[in-house]
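The values are calculated or read from the model by the stated rules, or taken from the named source; none is laboratory data. Everything numeric in this text was worked out from a predicted model, so none of it was measured. A quick note on method: Cβ atoms are made from the backbone with ideal geometry, for glycine too, and the neighbour counts reach across all protein chains shown. Quick note on the areas: whole protein, heavy atoms, side chains included, nothing else; ligands and nucleic acids left out. Shrake-Rupley method; radii C 1.70, N 1.55, O 1.52, S 1.80 Å.
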Amino acid sequence: MRNKIDYGIDLGTTNSAVARMENGKPVIKKSDTLKDTHPSCVTITRRKDFLVGDKAVSVNKTDNERAIKNWEKGEVNTYLEFKRTMGTTHSYDSTNLGKALSSEELSAEVLKKLKSYITDENVNSVVITVPAKFLNPQKDATMKAAKLAGFKHIELLQEPVAAATAYGLSSKKKDGYWVVFDFGGGTFDAALIKAEEGILAVKDTAGDNWLGGKNLDNALVDELIIPYLAENYSIDFIINDESKLQMLTAALKPLAEECKNQLSFKDSYNILEEFLPFEDEKGEQPEIDLNVSQSDMDRVLSPFFQKAIDITKELLSKNNLKGSNIDALILVGGPTYSPILRRMLKEQVTENVDTSIDPMTAVAVGAALFASTISVSDEVKDESRDKTKLQLEINYEATTVEFDEMVNVQILKDKTEGKIPDTVFIELTRGDGAWSSGKKKINTEKKT
Ligand code: ADP
Ligand code: MG
């Protein structure tokens with residue numbers, strides 16, 4: 001049984017992740033497809049089964065491809081970005097389920113999926129991160145989603161604080177002004193953090209709720225892929241029809257997204273797609289063979305990155321700070337892998353752009369680190385107690401810089417049903433077995 005919560009979840013708009021402490025270190029728990037993060041996407045099948053994560057994304061992709069085959073949007077049973085409506089009365093209709101679902105219920109499905117990746121113990125306690133700007137109704141909705149997913153003891157933590165905690169672990173810097181620059185899938189959040197001897201506080205925030213990776217993907221479709229198709233095929237009947245154009249954009253988005261993600265690490269990328277599932281005005285089935293360079297990316301993406309940078313600069317000037325006052329700019333969110341964005345930030349905000357932590361998992365890692373400092377509630381402990389065994393309470397510092405530490409062990413007489421033996425020995429061993437205290441006798445008469 002764990003004494004500390006030890007589990008952290010980043011319940012993101014686009015992707016979610018779970019991390020836990022193992023031998024004193026935060027470890028990301030991978031999905032069934034061995035990925036670090038899991039799409040916050042839910043689909044309900046005709047048989048009323050819930051599919052969550054990668055499977056739901058692939059159903060969505062197939063649906064969007066089917067739509068451009070006969071230019072008809074099908075029934076909706078796949079849901080994305082429901083975090084946006086947390087704490088509101090918005091509901092999501094499902095034709096397959098025959099009823100509507102709330103944002104909390106959909107979020108609970110994501111949490112259940114993450115929970116299912118932990119197979120070696122039953123997780124009842126968890127730290128879940130929320131945006132710094134979340135107000136009480138949104139926080140309450142997050143708590144409700146976590147309860148629906150079966151968690152009993154839930155603590156909330158602000159996303160930028162979690163990211164800064166992950167950064168603080170790996171950095172020598174413990175003080176100063178930090179900026180968490182979180183460019184996610186659909187939202188941009190900047191947070192100014194004051195660090196004092198490792199204590200982190202959010203001083204101010206700014207952002208744009210409609211700026212994220214999705215805008216980048218759509219811009220790549222609009223400015224590169226559709227012009228390519230228009231040049232090589234007769235697609236005026238699509239371009240002049242708003243609803244058809246939307247369907248085509250949705251179907252092409254995965255191609256644009258893959259191109260964008262690859263170009264974070266490569267110099268050029270070839271978008272190849274044999275036969276889109278529709279015919280142009282001349283009865284030809286379009287193919288795509290389009291080379292995209294870094295300068296194409298720069299032209300299409302930099303206006304979006306500039307928006308985020310301007311918001312960040314404004315946040316600093318509002319707080320009477322300059323880029324040179326910032327000790328670290330911490331990158332969070334998939335699109336911050338972009339070398340174009342990283343260069344722009346260095347040129348326009350600060351040289352101290354930190355690239356040491358993984359922008360996709362920093363929030364979950366920070367949540368687990370925070371969770372390792374919070375004790376599991378007595379209620380949760382009592383529920384999982386096997387009272388037929390001797391019940392002990394162990395108290396110790398969660399982290400220490402000392403070589404010697406006190407560990408206080410106490411027999412909980414009132415929580416033990418069986419007879420307590422006259423002599424009790426304890427032995428403390430480290431999780432990896434590399435250290436042991438040896439057998440120590442403890443006094444069963446006195447309390448400690
Ligand atoms: P959220 O916080 O909204 O859940 P994430 O931080 O998971 O979002 O970011 C999701 C976005 O990151 C998506 O738009 C995805 O395409 C983008 N992304 C993922 N990997 C990369 C990459 N290598 N380069 C650029 N963008 C990426
Ligand atoms: Mg995020």
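When restricted to residues that are without any contact (Cβ under 8 Å) to a residue 24 or more places away in the chain and within 10 Å of ligand 1 (Cβ to nearest atom), the range 233-265 contains 2. Scanning the range 1-54 for residues that are more than 13 Å from Ala371 (Cβ to Cβ), more than 12 Å from ligand 1 (Cβ to nearest atom) and among the hydrophobic types (A, V, I, L, M, F, W, C) yields Met1, Ile28, Leu34, Val42, Ile44, Phe50, Leu51, Val52.
Scanning the range 74-97 for residues that are open to solvent by less than 30 Å² (accessible area, probe 1.4 Å) and more than 17 Å from Val52 (Cα to Cα), which turns out farthest from ligand 2 (Cβ to nearest atom)? Checking each candidate, the answer is Thr85.
Just wondering, is there one or more residues in the range 312-335 that are touching a Pro at 6+ places or on another chain (Cβ under 9 Å) and of a type in the set (Ser, Thr, Tyr)?
Within the range 312-335, the first condition is being touching a Pro at 6+ places or on another chain (Cβ under 9 Å), and the residues that meet it are 330-335.
Add one more test, that the residue is of a type in the set (Ser, Thr, Tyr), and what stays is none.
The answer is no; no qualifying residue exists.
Taking the criterion of being in a loop (DSSP other than H, G, I, E, B) and open to solvent by less than 70 Å² (accessible area, probe 1.4 Å), the residues of the range 32-60 that qualify are Asp36, Thr37, Ser40, Thr45, Gly53.
Out of all the residues in the range 188-200, which are in contact with a helix residue (DSSP H, G or I) (Cβ under 8 Å, 6 or more places away or on another chain) and either within 13 Å of ligand 1 (Cβ to nearest atom) or in a strand (DSSP E or B) (or both)? Passing the criteria: Phe188, Asp189, Ala190, Ala191, Leu192, Ile193, Ala195, Leu200. Among residues that are more than 22 Å from Lys115 (Cβ to Cβ) and part of a strand (DSSP E or B), Asp63 is not included. The number of residues in the range 355-407 that are in contact (Cβ under 8 Å) with a residue 40 or more places away in the chain, acidic (Asp, Glu) and open to solvent by 70 Å² or more (accessible area, probe 1.4 Å) comes to 2. Listed by first and then second residue, the pairs linking a residue in the range 170-190 that is open to solvent by 20 Å² or more (accessible area, probe 1.4 Å) and at pLDDT 95 or above to a residue that is within 12 Å of ligand 2 (Cβ to nearest atom) and of a type in the set (Val, Ile, Thr), with Cβ atoms under 7 Å apart and 6 or more places separating them unless they lie on different chains, are Asp182/Val332; Gly185/Thr13; Gly185/Thr14; Thr187/Thr13.
Considering only residues of the range 106-126 that are open to solvent by 70 Å² or more (accessible area, probe 1.4 Å) and charged (D, E, K, R), which is nearest to Phe50 (Cα to Cα)?
Within the range 106-126, the subset open to solvent by 70 Å² or more (accessible area, probe 1.4 Å) is 112, 119-120, 122.
Subsequent filtering for residues that are charged (D, E, K, R) retains 112, 120.
Working: Lys112: 11, Asp120: 23 Å.
Across the range 106-126, the extreme among qualifying residues is Lys112.
Restricting the range 201-232 to residues that are more than 16 Å from ligand 1 (Cβ to nearest atom) and open to solvent by less than 40 Å² (accessible area, probe 1.4 Å) leaves a set whose member that is farthest from Thr165 (Cα to Cα) is Leu229.
Determine if the range 169-177 includes at least one residue that is among the hydrophobic types (A, V, I, L, M, F, W, C) and within 16 Å of ligand 1 (Cβ to nearest atom).
Let us first name the residues in the range 169-177 that are among the hydrophobic types (A, V, I, L, M, F, W, C), namely 169.
From what is left, the residues that are within 16 Å of ligand 1 (Cβ to nearest atom) are none.
Checked against the condition, which is being among the hydrophobic types (A, V, I, L, M, F, W, C) and within 16 Å of ligand 1 (Cβ to nearest atom), the range 169-177 yields no hits at all.
Within the range 432-443, identify whether any single residue is in contact (Cβ under 8 Å) with a residue 40 or more places away in the chain, out of contact with any Cys (no Cβ under 7 Å at 6 or more places or on another chain), part of a loop (DSSP other than H, G, I, E, B) and over 30 Å from Leu331 (Cβ atoms), and answer yes or no. Within the range 432-443 (the criterion being in contact (Cβ under 8 Å) with a residue 40 or more places away in the chain, out of contact with any Cys (no Cβ under 7 Å at 6 or more places or on another chain), part of a loop (DSSP other than H, G, I, E, B) and over 30 Å from Leu331 (Cβ atoms)), the answer is yes, since at least one residue qualifies. Taking only pairs six or more apart or across chains, which ones have beta-carbon atoms under 7 Å, a first residue in the range 4-29 that is under 11 Å from Ala367 (Cα atoms) and outside any strand (DSSP E or B), and a second residue that is open to solvent by 50 Å² or more (accessible area, probe 1.4 Å) and more than 12 Å from ligand 2 (Cβ to nearest atom)? That search, which allows pairs on different chains as well, returns Ile5/Glu155.
Taking the conditions exactly as written (within 16 Å of ligand 1 (Cβ to nearest atom), acidic (Asp, Glu) and more than 30 Å from Asp236 (Cβ to Cβ)), does Asp327 satisfy them or not? Break it down stepwise before answering.
On the way: within 16 Å of ligand 1 (Cβ to nearest atom): no; acidic (Asp, Glu): yes; more than 30 Å from Asp236 (Cβ to Cβ): yes.
Spelling it out, it is not the case that Asp327 is within 16 Å of ligand 1 (Cβ to nearest atom), acidic (Asp, Glu) and more than 30 Å from Asp236 (Cβ to Cβ).
Across the range 121-166, the qualifying residues are those that are within 17 Å of the chain's Cα centre (by Cα) and of a type in the set (D, E, K, R), and the one among them that is modelled with the lowest pLDDT is Lys133.
Counting only residues that are of a type in the set (Val, Ile, Thr) and over 19 Å from Glu81 (Cα atoms), which one in the range 139-196 is farthest from ligand 2 (Cβ to nearest atom)?
Residues of the range 139-196 of a type in the set (Val, Ile, Thr): 142, 154, 161, 165, 179-180, 187, 193.
Now restrict to residues that are over 19 Å from Glu81 (Cα atoms): 154, 161, 165, 179-180, 193.
Numbers: Ile154: 19, Val161: 13, Thr165: 15, Val179: 16, Val180: 10, Ile193: 16 Å.
Within the range 139-196, the match that is farthest from ligand 2 (Cβ to nearest atom) is Ile154.
Confirm whether Val332 is within 30 Å of Lys115 (Cβ to Cβ), within 16 Å of ligand 1 (Cβ to nearest atom), aliphatic (A, V, I, L, M) and touching a helix residue (DSSP H, G or I) at 6+ places or on another chain (Cβ under 8 Å). The answer is yes for Val332.
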